[in-house]
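Below is one structure; the comments refer to it alone.
The numbers here are math on the coordinates, done by the rules we state, and not lab data. All figures in this text were calculated on a predicted structure; none of them were measured in a lab. Here the Cβ positions follow ideal geometry from the backbone for every residue, glycine too, while neighbour counts run over all protein chains shown.
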Amino acid sequence: MATPKGTRCVSFKLSNSEGVWVYSNSDAIHLQVRKGVPTEQDVASPSFKVAVKLEAPDALKLAGELLTAAGIILAKR
């Protein structure tokens, strides 16, 4: 499926079966989380794709929380 015209897409592959995509343009930000597990690999493991629309202040709050959490984890290393 193609990215809508005028929309920026940045993907973060977390593993072979998981990833996060950020779709944005001058009007909106969407965060999409995907997990796809082939049935042959594990018939009981769920596959899904879910997306939420973020307002700019919420996107900044989420970014700040991710930075804080990652900083704490990295400081312990």
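Numbers at a glance
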read-out: Per-region count, the range 46-72, residues more than 19 Å from the chain's Cα centre (by Cα) and either closer than 20 Å to Lys13 by Cα or polar (S, T, N, Q) (or both); value: 0
read-out: Those strands (runs of 3 or more DSSP E) lying entirely in the range 1-66 with at least 2 residues touching a Cys at 6+ places or on another chain (Cβ under 8 Å); value: 18-24
read-out: Neighbours by Cβ (under 7 Å, 6+ apart or cross-chain): first from the range 22-34, among the polar types (S, T, N, Q); second not in a strand (DSSP E or B); value: Ser24/Thr7; Asn25/Gly6; Asn25/Thr7
read-out: Residue in the range 17-40 that is farthest from the chain's Cα centre (by Cα), counting only those that are more than 16 Å from Thr7 (Cβ to Cβ) and loosely packed, with under 10 Cβ neighbours inside 10 Å; value: Glu40
